[in-house]
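Heads up, the thing below is written out as C-alpha cells.
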Amino acid sequence: MPLYEHVFLARQDLSQAQVDALAAAATEIVESNNGKVTKTETWGLRSLAYKIQKNRKAHFVMLNIEAGGDVIAELERQTQINEDVIRYMTIRVDEHEAGPSVMMRKNDRERSRRREREGE
C-alpha cells in the first residue's frame with residue numbers, strides 16, 4: 001500500500017483541542033476509506049514566513065498515512081472545504097521515518113538549549 005505524509009496548517013486562533021479535533025477528523029476520513037494513519041504529530045503554533053489569509057502563525061500537524069490514492073483524494077477534498085485549514089500538502093514517500101520527525105527533534109534541541117542557558 002502506498003505511503004504518504006500529509007501536513008496541514010490550521011488557523012492561529014484555534015485552541016489546541018480544536019487542532020486535535022481536526023487531526024482526528026482527518027484520521028477518521030482515512031480510516032473510513034480503508035486507510036491507516038500510523039503516526040500523528042502536532043508541531044505546535046509556529047510563525048509563518050509570510051501572511052496567509054491574514055494569519056502570521058499557524059498550528060502545524062503531520063499525519064503518516066498508508067492508503068490508496070482515492071483515499072488521499074477524498075482527504076484533500078475534505079481539507080479544502082474546511083475553513084480552519086489554511087494550507088495543506090500531501091507527499092508520497094518510499095518509507096515513513098522511524099521515531100520523531102525532524103521538526104520534533106528540532107523542538108527538543110531548542111528546549112534543551114533553553115534549559116542549559118537558564119541553568120547557567
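The values are calculated or read from the model by the stated rules, or taken from the named source; none is laboratory data. Note that the structure is predicted; figures quoted are calculated from it, not measured. Here the Cβ is made from the backbone with ideal geometry for all residues, glycine too, and neighbour counts use every protein chain on show.
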| Does the stretch 90-101 contain any residue that is of a type in the set (S, T, Y) and in a helix (DSSP H, G or I)? | no
Inspect the stretch 2-15 for any residue being over 24 Å from K106 (Cα atoms) and either under 14 Å from the mean Cα position of the chain (by Cα) or surrounded by 17 or more Cβ atoms within 10 Å (Cβ to Cβ) (or both) and give the result as yes or no. no
Going through the stretch 1-10 in order, the residues found to be part of a strand (DSSP E or B) and touching a helix residue (DSSP H, G or I) at 6+ places or on another chain (Cβ under 9 Å) are Y4, H6, F8, A10
| message | Looking for something assigned to a strand (DSSP E or B) and closer than 22 Å to E97 by Cβ - is there at least one such residue anywhere in the stretch 76-84? | response | no
So, first residue among the β-branched types (V, I, T) in the stretch 71-88, second residue part of a helix (DSSP H, G or I), Cβ within less than 6 Å, six or more apart or across chains; the pairs are V71/V30; V85/T79
Subset of the stretch 15-41, residues closer than 14 Å to V85 by Cβ and among the β-branched types (V, I, T), comes to V19, I29
Checked pairs for the stretch 89-117, first β-branched (V, I, T), second surrounded by 12 or more Cβ atoms within 10 Å (Cβ to Cβ), C-beta under 6 Å and 6 or more apart or across chains, list as T90/Y4; T90/H6; T90/I72; I91/E5; V93/L3; V93/E5
Report task. Test M62 against the stated conditions and say whether it is in contact with an Asp or Glu (Cβ under 6 Å, 6 or more places away or on another chain) and either part of a loop (DSSP other than H, G, I, E, B) or over 16 Å from P2 (Cβ atoms) (or both). Result -> yes
Selection over the stretch 12-53 where residues are in a loop (DSSP other than H, G, I, E, B) and either at pLDDT 95 or above or touching a strand residue (DSSP E or B) at 6+ places or on another chain (Cβ under 9 Å) (or both) yields a count of 5
